[in-house]
1. Would you mind ranking Tyr481, Tyr76 so that the residue whose beta carbon has the fewest other beta carbons within 10 Å leads the list?
2. Evaluate the distance, in nm, between pseudo-label points positioned 7 Å from the Cα of Tyr454 and of Lys471 along their respective Cα→Cβ axes.
3. Tell me, what ³J(HN,Hα) does each residue in the range 214-228 have, in order and in whole Hz, if you take phi through Karplus 6.51 cos²θ - 1.76 cosθ + 1.60 with θ = phi - 60° and put x for Gly and Pro?
4. With Cβ to Cβ distances under 15 Å as the rule, what net charge do the other residues near Phe461 carry (K, R +1; D, E -1)?
5. So, counting K/R as plus one and D/E as minus one, what does the shell of residues with Cβ under 13 Å around Ala313 add up to?
6. In nm, to one decimal, how far is the Lys108 label point from the Lys462 one, both placed 7 Å along Cα→Cβ?
7. What do you get for Rg/Rh of the range 301-380 when both radii come from the Cα atoms and Rh is the Kirkwood radius?
8. Please compute the length gained on full extension between Ser280 and Arg541, using 0.36 nm multiplied by the number of residues separating them and subtracting their Cα-Cα distance.
Amino acid sequence: MFYEMYINLKRETIYCCCHGANDKLNIFKCIFKLIPLEFFGNVCNRTKFFFVVKRILSQSKGECIHVNCLWEDYIYDCITWLSPEENKNSVEVQLCQANILVLQTVVKPFINYFYYCLRDSKSRKYLFVSRCAMDSFIDKTHNFYMNTNILQPVHSGNIATSFTCLSDIFKKDFSSNLYECWKEYLKLNKYIKRVYAIKVDIVNAFGLVDQNILIGLIERNDIFTIAEKQFLFNYILNQYVCVRKPSQIYKWNIGLPQGCKLSPLLCDLYLSYMCHANLSQFTKNNSIIHRTMDDMLFISTSFDEICEFEIKASETFIINGSKTQKFSHMGKDPCISYCGKIFNMESKEVSNDYSFEKDTEMRYKFKLWNRKYEIKKEDAFKFITNVIKFSTVSFYFSKFVLNTHFNSCDIVLTNIFEAMCLVAFKIDGAVHSISYAFSSAEHRTQTIQKCIDYILQHYIFKIKRLIEQTKGDFFENVFSYHAIKFVILRACIVVFNRRNQIYRDVIKCIKKEAKGLYLKKYDKKTYSVLPLKFKNIRMNRRQCMSNMEFRNTYEK
């Protein structure tokens with residue numbers, strides 16, 4: 001039977017190649033042809049096997065599936081090739097090994113023949129890109145950069161260098177704490193009503209690094225020994241990105257190569273020097289300059305200084321105009337997005353920035369599985385609670401959004417509500433990642449209820465402690481245990497309502513628990529609707545596309 005599969009694999013591959021079908025390949029239809037129904041015994045067993053295939057083809061980075069899905073609940077009597085063993089465990093081992101063999105020697109080679117599996121640089125999502133389209137992209141890119149002299153031929157040979165000895169030298173904090181800066185700035189300028197701001201994005205920060213300036217900066221610095229300086233000079237001049245061609249290797253000849261261990265540190269050093277040399281005159285009591293790698297934020301009480309800063313920054317760096325955000329006058333959008341936060345320049349309040357592309361799945365944004373810590377299929381509660389530990393979402397419950405130095409009490413409660421919406425979406429993503437582990441809908445409901453109890457037990461006191469630690473002039477006594485619990489439960493309700501058919505029983509239990517809880521002076525309606533920030537999140541798991549939709553991604 002395996003011989004028949006390999007013959008089918010060869011025949012189907014040749015057919016797809018001859019007919020140019022790899023751009024519009026229906027994966028599952030082809031795999032159906034490769035693996036005969038006799039191997040599974042019946043349609044039910046085949047459906048269980050292809051459930052695993054679909055999970056693998058739609059996985060996010062680090063997402064796993066339990067091996068027992070390859071043998072559990074199969075109908076063994078229909079599989080004629082299984083040895084008639086009396087011991088059930090022996091039959092299960094045979095079936096599991098056979099299914100793994102089919103995945104490794106039939107399914108995987110067929111898919112790899114027609115597609116590259118690449119990871120999206122902005123998330124944990126995997127993209128299946130047609131090999132034909134990808135190879136075409138590589139050739140076009142190679143020819144373009146050859147003509148512009150950005151790629152240069154190099155002699156064969158490898159340069160192996162050790163980065164460990166100098167990795168700590170550049171870990172210098174070039175920027176001060178943004179939270180403290182903003183708090184002190186507002187304290188110093190509390191009588192000034194109007195504040196202006198601009199955020200600029202530096203284009204191709206690694207590519208614009210002037211190697212001569214960087215080398216000169218290191219050479220003049222006494223913190224390095226002669227050996228360390230020589231090592232860094234060799235690194236800057238001899239580390240490069242290679243582009244493969246059958247008979248020649250080319251190097252990227254501009255700036256610093258992205259992906260190397262020291263490149264971010266060297267780039268940060270260069271940008272810090274350039275900012276100090278060209279923009280230090282804007283550091284005053286009435287202004288703030290803050291930089292995070294290739295993003296810069298400048299805030300001032302003078303609009304003229306904002307214009308001067310924009311001109312000077314454009315002279316020093318190449319600025320991405322489409323990403324520039326500026327608040328210049330009343331009536332314009334006062335919100336500036338920076339460092340994962342949204343600064344409202346009119347109210348001076350700060351909230352979290354939730355930016356999601358359309359149809360984003362939460363498993364693409366967060367790590368759900370820990371391969372070093374095995375969790376059994378039966379322990380779904382443990383898996384989900386690992387995903388929603390407070391430490392994994394502490395960024396969204398930071399001092400920036402929970403303080404009352406510059407945030408009002410209602411914006412603090414709103415920030416808690418929005419952060420808890422994100423946590424509820426994480427619960428949904430974790431539930432879908434191990435949906436096969438629930439024996440029934442009742443089992444799933446009980447597990448989610450236990451997870452919500454876990455949140456109430458671990459989150460509320462940590463949130464209250466952070467609010468107390470950052471108590472300011474706008475503080476009011478509204479952050480009781482019941483008030484925070486009400487906000488948390490309402491966030492779970494509005495998120496789970498998007499999949500009412502699955503979470504109906506969970507929602508009933510949460511509403512019952514939330515009954516009687518209230519906020520003294522705040523409108524409940526605020527916490528009855530899912531914020532628009534989360535409208536692009538997709539809750540149902542995207543299946544692997546039969547006709548791969550990413551084939552033109554890299555041609556663009």
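1. The most exposed by this proxy come first: Tyr481, Tyr76.
2. Rounded to a tenth, the inter-label distance reads 3.2 nm.
3. 5, 5, x, 5, 5, 5, 7, 8, 7, 6, 9, 7, 4, 5, 5
4. +3
5. Charge balance in the 13 Å sphere: -2.
6. Placing both labels 7 Å along Cα→Cβ, they lie 3.7 nm apart.
7. 1.21
8. Values: separation 261, 0.36 × 261 = 93.96 nm, distance 4.94 nm.
This chain segment gains 89.0 nm when fully extended.
Laboratory data are not the source of any read-out in this text; all were calculated from the coordinates shown. Computed from a prediction, not measured in an experiment: that's the story for all the values here. Cβ: placed from backbone, ideal geometry, glycine included. Neighbour counts: every protein chain shown.
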